[in-house]
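The numbers here are math on the coordinates, done by the rules we state, and not lab data. Keep in mind the model is a prediction, meaning the values are calculated, not measured. Heads up, the Cβs are rebuilt from the backbone with ideal geometry, glycines too, and the neighbour counts pull from every protein chain shown.
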Amino acid sequence: MNYTLKNVPERTIKPRQYGFTMAMDKGLSIREAEDFISICGDYVDIVKFGWATSYVTPNLKEKIKVYHDAGIPVYFGGTLFEAFITRGQFDDYRKVLDKYDLQYAEVSDGSIELDHDKKCDYIHKLSEQVTVLSEVGSKDEEKIIPPYQWIKLMQEELDAGAWKVIGEARESGNVGLFRSTGEVRSGLVQEILTKIPFEKIIWEAPQKAQQVWFIKLLGSNVNLGNIAPNEIIPLETIRLGLRGDTFNHFLSLQNNL
Amino acid sequence: MNYTLKNVPERTIKPRQYGFTMAMDKGLSIREAEDFISICGDYVDIVKFGWATSYVTPNLKEKIKVYHDAGIPVYFGGTLFEAFITRGQFDDYRKVLDKYDLQYAEVSDGSIELDHDKKCDYIHKLSEQVTVLSEVGSKDEEKIIPPYQWIKLMQEELDAGAWKVIGEARESGNVGLFRSTGEVRSGLVQEILTKIPFEKIIWEAPQKAQQVWFIKLLGSNVNLGNIAPNEIIPLETIRLGLRGDTFNHFLSLQNNL
Amino acid sequence: MNYTLKNVPERTIKPRQYGFTMAMDKGLSIREAEDFISICGDYVDIVKFGWATSYVTPNLKEKIKVYHDAGIPVYFGGTLFEAFITRGQFDDYRKVLDKYDLQYAEVSDGSIELDHDKKCDYIHKLSEQVTVLSEVGSKDEEKIIPPYQWIKLMQEELDAGAWKVIGEARESGNVGLFRSTGEVRSGLVQEILTKIPFEKIIWEAPQKAQQVWFIKLLGSNVNLGNIAPNEIIPLETIRLGLRGDTFNHFLSLQNNL
């Protein structure tokens, strides 16, 4: 850090198993990706190329190399997996992962109907090729999955070989873990945490109020995802109690020690 | 495209007469414009320098050249035309177009009262110098133009020499074609389409839900405008049914073939 | 300006005592800061590194130098001052200002309870080292300070040595000067202006509607702050009556002369 402040919460360092930040790149240029890394490289653990943006991104190989050279893994959003699956092109998907040297992949069913045994089978198969992040939750705001079901799905996906499970929120933060207003489904989150270890979950939390909510509940080192590139530095200050939103939260924790 | 997916909707290619994307640059630097082109060059058909931002933009000539060298035409927002007209400086405006080597210009009356014959006269005169885009709709959310009137205005402006007509929405998407909440005035749009050919219209649709609405109604190759630079790649995936919002829409179209 | 328009409101030029724009940098990279300066250098009078983002910003010294070389002073957000004060590290804070060659500093109490005499004492002490901007208003939307109290606080802080006083709004524009909806507390602003000279106040006004409101009330050359980097060019056009929002406001002023 640039100067010394006493009693700042401790953060995990890379390679992080928790305290993890996943950023969403939805179309940065090569130079913008370089800029992003220059400022946020220490704080970003993995970058998702949102949904199927990789399909239309020019110089894709070169762009991935920029992240990989900086030690930041890249993976393609789950919607791309679904686009291949729904077209019966799973083998083609596996080739795409190889072609682009990807070490991570997401398995999701946010836009398609997929029998859960079949989803777990895909997780299992892909986990022999790459590290798998699997996502639970629908992109359809009308489809409400009850908490016990979230837990069952998450547990089965971890058992099938997923490295971590992601709680769905989309880029906007208004489905899955959240109500359409962006409000956290707090009962859902709390119930999930009774069964699934917190370090195995990445919570998609694109809105500041959502990030603040998770950090207040679970501490500086909660895993958060779908963070916009220009919100990584702000998020880091929220994790450290150095923005108004968590300033007093962390100070009072210190004072109660 | 970077890999092969079956049954992806076909997109028109440049130079496009429809399937057209107009981006709004409201103050990118030269290097940001270069970055933008490097990632979105194939998907952007024309760039508008929003309203009168060109007045205060440094290195304006050089910036225009960056776009022109990439084969992307630039035009100045209609508010600039109105600023000249309302000051009795039409001839000065024509000189500005020449000075900056512009091949396109917008004629609008979103902020001023302008007799429609006079507006059409400006369109006619300017169409001898450049390709004219004319815009219908007020920037004042209180001024509601009824559908039959939109149709009449659009038709007369096309007759006067406009290459395409633009439906007003502003950068924010909450006037003209849309209610102040951003909701589409769907009856208006549908009625316009009974009379004006869809390839002659550019719908300003800055919000994602608005883009999705038009793409579901009119297909991948609808003309859309006022797209922010960092939303061009996302828009392209929506056009292709590769984002959650249109994923099932295009799949079910395929299945019904 | 790039071309001549008649009857455009006059703007002050650098170094400005009023008509002042304060931009908020919450994590630009070095190259992004260069880009920002290349397009907005003439329009930005001072840059705030938002709250305590400076703590986690890599290459901080180099980044500050980029702004300083362009003649644009940098200061660290008031939350950083508060983070040092609340930890009893005021002397360390003074050393940080020296270490980073800062000529400006902010004194605030948006997140902490600070006796006002003590706050004024900090302003007084720091004003011997740097130029002080002091901020009035809480970051807590529940804490409403009545107008006569705002005036008293502002006056005492100016008397203690503050160069200008800032009206709090946060990055989002929904506390302090504004209701949680973003609506201006107009009675508050008007009452403040009966006692404090308008050139001594910087109004944080991140939202466009807020900027428009202040410009309509106080003219092109009102001091505004917390402007996002990509909103500087748009703001400049609003100040000049060259965007729809103030287009007719300034024209009718002209016509009434």
Spatial extent of the range A:1-89: Rg and Dmax, with the Cα atoms as the point set, Å: 15.7, 56
Taking R0 as 25 Å, what FRET efficiency do you get between C:A70 and C:R11 from their Cβ-Cβ distance, rounded to the nearest 0.05? 0.85
Could you work out Rg/(2.2 N^0.38 Å) for the range A:10-159, with Rg from alpha carbons only? 1.07
Sort B:11-17, C:138-144 for me by packing, meaning the mean count of neighbouring Cβ atoms within 10 Å per residue, highest on top. C:138-144, B:11-17
Excluding residues fewer than 8 positions from C:K65 in its own chain, the lysines with Cα under 25 Å of it are C:K14, C:K26, C:K48, C:K95, C:K99, C:K164
Length released on extending from C:L253 to C:T4, taking residue separation times 0.36 nm less the Cα-Cα span: 87.7 nm
Asserting the computed 222 nm helical MRE of the protein assembly as shown (DSSP H runs at least 4 long, -39500 (n - 2.57) per run, divided by residue count, to nearest 500) equals -12000 deg cm²/dmol
Closest approach to the C/A rotation axis among chain C Cβ atoms, residue and whole-Å value: C:R31, 4
Where does helix B:208-218 land angle-wise versus the long Cα axis of chain B, in degrees 0 to 90, nearest 10? 80 degrees
By DSSP, what percent of the beta bridges with both residues in the range C:48-198 are antiparallel, rounded to the nearest 5? 10 percent
For chain C, compute Rh as the Kirkwood radius over C-alpha pairs and then the Stokes-Einstein diffusion coefficient at 20 °C and 1.002 mPa s; write the answer in µm²/s, rounded to an integer. 115 µm²/s
Amide H contacts of B:I46 (H built 1.01 Å from N, under 5 Å, at least 5 apart or other chain): B:T21, B:A23
Give me a single rounded figure for A:44-56: the average over its residues of other chain Cβ atoms within 10 Å of their Cβ. 5
Compute the helix-to-body angle for B:60-69: its Cα long axis versus the longest principal axis of chain B, expressed 0 to 90° and rounded to tens. 40 degrees
I'd like the mean, over residues of A:82-95, of how many other protein chain beta carbons sit within 10 Å of each residue's own Cβ. 3
Which whole-percent values make up P(r) of the protein assembly as shown when all C-alpha to C-alpha distances are grouped in 20 Å steps starting at zero? 16, 47, 33, 4
Give the angle, between 0 and 90 degrees and rounded to the nearest 10, that separates the Cα long axis of helix B:30-40 from the longest principal axis of the Cα atoms of chain B. 40 degrees
Span from the the range B:143-220 Cα centroid across to the the range C:177-225 one, whole angstrom: 35 Å
In Å and from the alpha-carbon atoms only, list the Rg and Dmax of the range A:191-257. 12.2, 35
Which residue, C:G244, C:G110, C:G19, has the most motion in a Gaussian network model of chain C that connects Cα atoms within less than 10 Å? C:G244
Put the label 7 Å from Cα along Cα→Cβ for B:D92; what are its distances to the other copies, in nanometres, shortest first? 5.8, 5.8
Label points for A:K125 built 7 Å along Cα→Cβ; distances to same position in the other copies, nm, shortest first, come to 6.8, 6.8
Here the correct list, in nm and shortest first, of distances from B:D140 to the same site in the other copies, label points 7 Å along Cα→Cβ, is 4.5, 4.5
